[in-house]
Amino acid sequence: MNDTLVVYYSFTGNSKSIANYVKNKLHADILELEPMVPFSTDYNQVVEEWQNNDIKRDVEIKKITTDLTKYKKIVLITCTWWYGISPVMKKFLKNYDLSKKDIIVASTNAGWIGHCFKDYETLLPNSNIKGELNIVFSAEDNKRDQMLTSTEEIDNWIKKL
Ligand SMILES: Cc1cc2nc3c(=O)[nH]c(=O)nc-3n(C[C@H](O)[C@H](O)[C@H](O)COP(=O)(O)O)c2cc1C
């Protein structure tokens, strides 16, 4: 039985592509997190709305149907929003129990990862965080889907999972 689950939230698709890449390499299962009410399709409006991405501020998310008890290892991948993990990922970590599992975390961003890894640690006090990866994409408006972190770095991280 497969004991690894990749859980991700992606607003514009970058984390989604990484999550699928990891899933395929590890032959893992995958779970996409979704907000209950979709965010605006206006990128700049969302950037403005989430300026206060405090650890206490989160959103309602759709209920998941995946049985988390089946998995020993969980790979968490999210976009960075205002120097922290996305509110959707925060809500997932607040709502569901991942204690005692082996956790691997990644954060996609445009070069300013801020306190994402600290957020994961704060919200997962009883989990075993085993690996972290910072995945940088371009900050330029029309190139936001261009990955600057090398595929080799991602492959090396995956090999250690
Ligand atoms: C609301 C919002 C806030 C963001 N804040 C940051 C930030 O603090 N640091 C950073 O490097 N990138 C920031 N970004 C850029 C995204 O983290 C980056 O483009 C990421 O690769 C997007 O992943 P996704 O396509 O999975 O949503 C922000 C984007 C949005 C929409």
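Values quoted throughout were computed directly from the atomic coordinates according to the rules given, and no laboratory measurement underlies them. The model shown is predicted, which means the values in this text are computed figures rather than measured ones. Cβ placement follows ideal geometry from the backbone for every residue including glycine, while neighbour counts extend to all protein chains displayed.
A compact table of results
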{"read-out": "The one condition in (1) over 14 Å from Ile18 (Cβ atoms); (2) in contact (Cβ under 8 Å) with a residue 40 or more places away in the chain; (3) surrounded by 19 or more Cβ atoms within 10 Å (Cβ to Cβ) that Leu98 fails to fulfil", "value": "(2)"}
{"read-out": "Tabulated pairs, region 1-25, first surrounded by fewer than 19 Cβ atoms within 10 Å (Cβ to Cβ), second hydroxyl-bearing (Ser, Thr, Tyr), C-beta under 6 angstrom, 6+ apart or interchain", "value": "Asp3/Tyr71; Lys16/Ser10"}
{"read-out": "All strands (runs of 3 or more DSSP E) inside region 52-161 with 3 or more residues being within 15 Å of the chain's Cα centre (by Cα), closer than 22 Å to Asp3 by Cβ and within 15 Å of the ligand (Cβ to nearest atom)", "value": "73-81"}
{"read-out": "Test: Ile30 is within 20 Å of Asp145 (Cα to Cα) and either surrounded by fewer than 20 Cβ atoms within 10 Å (Cβ to Cβ) or small (Gly, Ala, Ser) (or both)", "value": "no"}
{"read-out": "Residue within region 16-34 that is of a type in the set (Gly, Ala, Ser) and part of a helix (DSSP H, G or I) present", "value": "yes"}
{"read-out": "Answer residue from region 5-50, given it is within 17 Å of Thr78 (Cα to Cα) and among the polar types (S, T, N, Q) and is farthest from the ligand (Cβ to nearest atom) among those", "value": "Asn20"}
